[in-house]
Structures are given as structure tokens and as C-alpha cells.
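One structure is given here, and the rest of the page talks about it.
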Amino acid sequence: MKVFENISLKAYNTFGIDAKARRMVVLEPGDDPVSLPLEGAWMVLGGGSNMVFTHDYDGTVVRLDTVQEVSVRPDGDCATVTAWGGMVMDDLVAWSLEQGLYGLENLTAIPGTVGASVVQNVGAYGVEAKDVVESVEVYDLGEGRFCTFSNADCRFAYRDSIFKHSAGRFLVLQVRYRLRREFTANLSYKALEGLSHASAAELRQAIADLRWGKLPRPEEHGSAGSFFKNPVVGEEVYESLRQRFADMPEAHRTAEGYKLSAGWLIDRAGWKGRTMGKAGVWPRNALVLYNAGGCTGTEVVALAREIQQDVKQKFGVALDPEAIII
Ligand SMILES: Cc1cc2nc3c(=O)[nH]c(=O)nc-3n(C[C@H](O)[C@H](O)[C@H](O)COP(=O)(O)OP(=O)(O)OC[C@H]3O[C@@H](n4cnc5c(N)ncnc54)[C@H](O)[C@@H]3O)c2cc1C
């Protein structure tokens, strides 16, 4: 276990915001979380790729070391893979393909850690973490005990899980996945339609190329990826918007309602490429707010609020942030 006092978080969030934490504790595999020095406030931080710090954190930031620790147990046509929560998610995707284990490939190049991927139920290109997670091992920082959550216990939903509703309580130590030994491409996402003959490695490459065509690379421009969730509306609202905006993309129908494209709403409201202070709306993807050079979290939040108000006024639709604002 490593302990740092009064440490800058700039290198620990992909927005590159220069906030400080009073203390940071970093756990390695084998360290006992029971002995975590927690007094006062604490929070759990992964790769900081979905975080916006609007102020210094007057408490303890708990992180898992980003080492690769993963084990595999064959099980018929499948294999059970157990990965350390601090492992970089994309390293796990690459590793799984090297082993000839499939199911994670559509999650290629999502920044962040294995542990956070279940908190957020990350998703991309037709796959979400919930589709491949078998169970999750956590340390309950509130109660001081270890527990296991089955897939159903995790209550996964769109960018949501039980862990998100009890911020700071559960430290995800390990995630267990059920992966397939045979590759069948999931091409349900429209942009992947032409890839029916692609190998898993080719599919991974194609997804990485698609992603980086429309997202800022964290090493070049700070961001948290999609800043807002796609809003889900009822049939009446959807039909009325379709009448008013013939160019609106068709909504994705889900059990909860019609999922609209937040990126389209923001773009149509005229925000794409605009900056406010040192925070901006990514010119190639209106869903992404980015650090246009030394921005503060307050500037990001101020820009987000303006966009929310404008979209509400123009379309009557509320946008909720996907990014976590501290
Ligand atoms: C360029 C870019 C592209 C992105 N694309 C996508 C995408 O396609 N799909 C998508 O779903 N997301 C995307 N994201 C968002 C982000 O990658 C995910 O939300 C990711 O899971 C965050 O991982 P992290 O380790 O950085 O978590 P953090 O941002 O550090 O934390 C996120 C949340 O998880 C909690 N947490 C982190 N680790 C643990 C742990 N071990 N135990 C308990 N709680 C924990 C934190 O407390 C916080 O509540 C993107 C982000 C960027 C910057």
C-alpha cells in the first residue's frame, strides 16, 4: 500500500484538471483493504476518465494500482476470466484476444480500469459490461467486509449499476467475466455492418479507428468522453420532436422509452466546436466536452449548464451528465 499526502490529481484524471487531494492511498493486489487508513471523507478513483474535479478533495482518494493481474479457468465452450480491478480495461481486452477469448472486443479503447467498468456499466458498439460480467468481488468500505455480487445483484442499467448509487462504499477489487472460446462478431451497431468477415483483431482495430475518428485522444486533449447520457423520452415527446425536426436521427427504442442522440441535440442547438472560457465542445463530436487548454472543472460545469439550459429550451429535453462531478 502506498500513501501520498497533498497530491495533485492532474495526472489522475483524463480532463487534466489540476485539483489536489489531501491524501491518496494506492492498493496493490495482495494488500489488505481492512488496513486502509480511512478517516474523514474518502472516494474511490480509477483512471479518472469519467471525472470532473471542480475543487480540491479534502479527504482520502483510494486507488488500485494499475498492474495487470488476470487469471483464466477454462469451462467448456467458455472460460472464466478474473481480472484485478485496477487493471487498465483496454489491456484486458487486448489480453483476452491474445488468449483466443471473445466477448470484450467491442469495448476496445474505452479508457479507465476494470473496476470502474462495472460501476459505470461501460458500453460501446452494441456491447455493455453487463453482457460479459459474471460476478464482482468488492470490499465494502462502509461495513468493513468482503462480498460478491452476481451479475443480477449488480443491477446493471444504461451507464448504471448498484455501485453508482452508493458512491465510495464499494471498492471493486476483482471482476469475473465469462468469455467465449469461439469468435462470433457482434455487428449489431450500424457502423460495424460491413465487417462480417473480420477477425477479432480486425474488428478491434476497426473499432479503435472509428472511436479515435470522433473522440479526442486523452494524451492530446483532456475530456471525459461522452459528457452527457443519451436522454430517454416517452412516445409522445419523441413523435412531437420528429414532427418538428425532420432531420432528427431515428431514436433507439429501449424498454424505458426512446433513446435520443444527445450529440445530435447539442449539435442542432449550435454548440459543436464552441468554447466558453477554456472548456469547449469537441468539433467532431458535440457529446464531448474537452479541455481547450488549462481549464478548471468549474469552467467545464459552467459550459455543461449552458448546454443543458439551451437544449431544454429548444427541445424540451433534459440532459443528464454521464461524467461524475466532484
Ligand atoms: C476519450 C474517452 C472515451 C470514452 N468512451 C467511453 C465509451 O465508449 N463508453 C463508456 O461507457 N465510457 C466511455 N468513457 C468514460 C470512461 O472511460 C468510463 O466511465 C470508465 O469506466 C471510467 O473508468 P475509470 O477507471 O477512469 O474510472 P473513474 O473515472 O476514475 O471513476 C468512475 C467511477 O467509478 C468509481 N470507481 C472507479 N474505480 C473503482 C473501483 N475499483 N471500485 C469502486 N468504484 C470505482 C469512481 O468512484 C467513480 O464513481 C470514455 C472516456 C474518455 C475519456
Extension gain from Thr184 to Glu98, taking 0.36 nm per residue of separation minus the Cα-Cα distance: 29.4 nm
Residue separation times 0.36 nm, minus the C-alpha to C-alpha distance between Glu202 and Ala152: what's the value? 14.8 nm
At 7 Å along Cα-to-Cβ for each site, give me the label-to-label distance between Gln313 and Ser166 in nm. 4.2 nm
Could you state the number of Å between the C-alpha centres of the range 63-103 and the range 205-255? 29 Å
Of the heavy-atom accessible surface of the chain (probe 1.4 angstrom), what whole percent is carbon and sulfur? 47 percent
If we count every other residue with Cβ under 11 angstrom of Val93's Cβ, Lys/Arg +1 and Asp/Glu -1, where does the sum land? -3
Tally Lys and Arg at +1 and Asp and Glu at -1 over the other residues with C-beta under 10 Å from the C-beta of Glu28: what net charge comes out? -2
Which ³J(HN,Hα) values in Hz, rounded to whole numbers, follow from the phi angles of the range 151-165 under the Karplus curve 6.51 cos²θ - 1.76 cosθ + 1.60, where θ = phi - 60° and Gly and Pro get x? 3, 5, 4, 5, 6, 5, 8, 4, 6, 8, 7, 4, 5, 6, 8
What FRET efficiency would be calculated for the residue pair Ala191, Asp32, taking the C-beta separation as r and a Förster radius of 45 Å, to the nearest 0.05? 0.50
Viscosity 0.692 mPa s, temperature 37 °C: give me the Stokes-Einstein translational D for the range 2-64 in µm²/s, with Rh taken as the Kirkwood radius over C-alpha pairs. 277 µm²/s
Relative to the Cα centre, what is the charge dipole magnitude of the range 2-64, using +1 at the beta carbon of each Lys and Arg, -1 at the beta carbon of each Asp and Glu, and rounding to the nearest 20 debye? 180 debye
Once you put a point 7 Å from the Cα of Phe4 and another 7 Å from the Cα of Arg284, both along the Cβ direction, what distance in nm separates them? 3.0 nm
If you place +1 on the Cβ of every Lys and Arg, -1 on the Cβ of every Asp and Glu, and leave all else neutral, what size is the dipole of the chain about its Cα centre, to the nearest 20 Debye? 840 debye
Between the modelled labels at Asp18 and Ala246 (7 Å from Cα along Cα→Cβ) the distance in nm is 5.1 nm
Leading residue at positive end of dipole, the chain (Cβ point charges), from Tyr258, His197, Gly225: Tyr258
Those helices of the chain passing the 20 Å axial Cα length cut-off and the mean Kyte-Doolittle cut-off of -1.0 (DSSP H runs only) are 200-214, 297-315
Of Asn13, Asn186, Asn291, which has the largest mean-square fluctuation in a 10 Å C-alpha GNM of the chain? Asn186
Counting DSSP beta bridges with both ends in the chain, the antiparallel % (nearest 5): 80 percent
Taking every other residue with Cβ under 9 Å from the Cβ of Ala157 and scoring Lys and Arg +1, Asp and Glu -1, one gets +1
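The values are calculated or read from the model by the stated rules, or taken from the named source; none is laboratory data. Keep in mind the model is a prediction, meaning the values are calculated, not measured. When we count neighbours, we look across all protein chains shown, and the Cβ atoms used for this are built from the backbone with ideal geometry, even at glycine. Note: accessible area is taken over every heavy atom of the protein model, side chains too, but ligands, DNA and RNA are not part of it. Shrake-Rupley method; radii C 1.70, N 1.55, O 1.52, S 1.80 Å.
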